[in-house]
Every structure is written in C-alpha cells, then in structure tokens.
Amino acid sequence: MSSAPLRSPALRPHRMKKDESFLGKLGGTLARKKKAKEVSDLQEEGKNAINLPMCPAPVEVHPEDSLLEENEERTVIDPTSRDDPRFKELVKVLIDWINDVLVEERIIVKQLEEDLYDGQVLQKLLEKLADCKLNVAEVTQSEIGQKQKLQTVLEAVRELLRPHSRPLQWSVDSIHGKNLVAILHLLVALAMHFRAPIHLPEHVSVQVVVVRKREGLLHSSHVTEELTTTTEMMMGRFERDAFDTLFDHAPDKLSVVKKSLITFVNKHLNKLNLEVTELETQFADGVYLVLLMGLLEDYFVPLHNFYLTPDSFDQKVHNVSFAFELMLDGGLKKPKARPEDVVNLDLKSTLRVLYNLFTKYKHLE
C-alpha cells in the first residue's frame, strides 16, 4: 500500500516568497497612494492658507440657512449670548409679561420664536394692550395669510410708536422668519410704550451672526445687538441726575445717602411706631410712602384709599401711584420714577422719590 505523498517542504518557502511579493506590491501601491494623498492634502492646505484670509470666517450654519435666496440674510444668535443670564432673564420677563396680559385669553407662550412668528399671539397682545380690535382673520394657516396678519399688526404698532421717532428694528419677514432678535426688539418697544409693570434687565446685548447669500455663496459677519439700555433711557428720560452720577462714579458715598434718608423717614414714621432699615424693600409695597405723605402733610389718609396689606403686584403699584398723587397734591414735581420700578425694588428709583421728599420736608421737626 503506497503511502500518501508528502508535501514538499520546499514548496512552503516558495509560497511565502510569493505571498510576500504580493503583499509587498500591495503595500507599495498603498504607500504610493497615501503619499500622493498627503501631497494632494498639502497642496490643498497651501491653497487654503493663501485664500483663507480673503474668505469669511467659518460659522456653524443650520441646514435651513443654506436654502437662502440670493441676497437674503438670516440672523443667528451666538450660543454664548443665548447662555448669558441677563439674556435669559430678559426672555423670561417678556414671556411672563405676555402670559399675564393674555391670561384671560387662555394663551400660554412658552417659546417666543415658535409662538409669535405667525402673528396670532401678537394680534391678541396688541389688542389687549391698546384696547382695540384689529381687522384681521382670526386663524390663518397659510404663509401668505400669516404675513398679511403680521403686516396689519406691525402697521398698528408703527402707528403707536411713531411719536418716539425710533427706527423700527423688525419687519414682517424677520418676525415670520422666527428671528428672535427682531421679536425681542418688538416686545421691548411695546413694553416701554405701554409702561409694562415689569422690570427689564438693563444693558442686555447679544452677539449675532448675520448670514447672507451672495453669488450663490454664504457669507457671515458678527454684529452686536443692543436689546436694552437703562430704565431711564428706555422710558424716554434722558436727563441724568445726581443719582446717576452717584451710582456710576461714587458708589462709596451711596451708603451715606441711604443713611441720611433712613434717618429722615424714621424721624416721621416713628410717630406711628414704624421703622425702616432697608429702603429698597420696605417702600416697595407703597404703604410706608402713603403713610409718610400723611405725616409730612399732617393729615390722615383714609384706609379705603389704599391697600394696607397688599398681596399682589397690582395692589402695590396702586399704593405707590396713590402716594405719587399725594406728592403732586403737596406741590412736589412728578417723581422721576415709575411706580412699577419702586415695586420691582429698583433702588435708584426709590432713592429719587425719597430724596424729593427729603429736600422739601427736611426742615420739619
């Protein structure tokens, strides 16, 4: 019986050489391709190095932004600005204000861009604030219908704001395009015009990226948008006074002024066994202001004219407003402050009111 033929061990080295030769060729091919790619990448990098300074800075663009028409532009808020606490506070204050105004309409706004862009909420807000009725369709689903409604609403806003001669920083397209910066500009302007009982955070600015399509390419630029300034400037009071200077340039003397005013008010409130230690908080509900006016002018203020224990924002505003009326009756000038600012614990506004009282009545024993 013949045995099975043995494989020649000489064949293995031969195959190994053959495999190595194949792998070697493959490796060489891969190496050459890799080298060619490196050269290509290097050349591309060189071109970019030359051309990049002439190109706009890269910016993260959302997919829908690439669908812009020629010369159309879109504004995107920088993520850092969106995370700024003051910006977040501004958005929250405005949302809460809208919801308070429209509470009877059972409208709840959660996100400004998504809830205001079609004009429906803006229509209800303006009608409520201005106590008017706009001639628009109640519900519009089409884009054309929504823009027509927005056009009517924004024209009514423009008519209201015309005396202020401020340039409008919004348009039908920007609002309908869910441009949050434009929506915020609009709401801040409405809040100022209607003297909303809210305290807008001061000096809120955002960095925005403006993306524009030109000749088929997207170009971007960075712009700083100022949304709010100071309460005085936003409300149209541009004259600076001693308290502006005090807060800006001599904050160390603020405690001295506060101490003098506390001494003055306690000199009179002590007659009713009342005492003030914190100016910004203890005058915020208007009760002490009303009682102080009665003491300074030497008359009793009937309790039914104000809320002795106010438990809502509106009741506190009523008290401070009533105190302002008593001041006018006493021959004082109209206070350079809003009742809402005093209620919102704005120290500068409270100091202005009390200082006016101090200058007239400091001679009283």
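As a calculated quantity, the FRET efficiency between Thr309 and Glu226 at R0 = 56 Å, using C-beta atoms, amounts to about 0.85. Computed from Cα atoms alone, the Kirkwood hydrodynamic radius reported for region 280-355 is 12.1 Å. Placing a pseudo-label 7 Å from each Cα along the Cα-to-Cβ vector at Glu278 and Arg214 gives an inter-label distance of 5.5 nm. Accessible area per residue for region 116-220, computed on protein heavy atoms with a 1.4 Å probe, is 49 Å².
Could you tally the net charge around Tyr117, taking each other residue with its Cβ under 12 Å from the Cβ of Tyr117, Lys/Arg +1 and Asp/Glu -1? Summing Lys/Arg as +1 and Asp/Glu as -1 gives -3.
Sorting the Cα pairs of region 105-198 by distance into bins of 5 Å, from 0 upward, gives 2, 13, 26, 28, 22, 7, 2 percent per bin. Cβ-Cβ distance of Glu297 and Ser260, R₀ of 22 Å, FRET efficiency by 1/(1 + (r/R0)^6): the value works out to about 0.55.
The values are calculated or read from the model by the stated rules, or taken from the named source; none is laboratory data. Small disclaimer: the values here were computed from a predicted structure and weren't measured. Here the Cβ is made from the backbone with ideal geometry for all residues, glycine too, and neighbour counts use every protein chain on show. Only protein heavy atoms, including side chains, enter the accessible area calculation; ligands, DNA and RNA are left aside. Shrake-Rupley method; radii C 1.70, N 1.55, O 1.52, S 1.80 Å.
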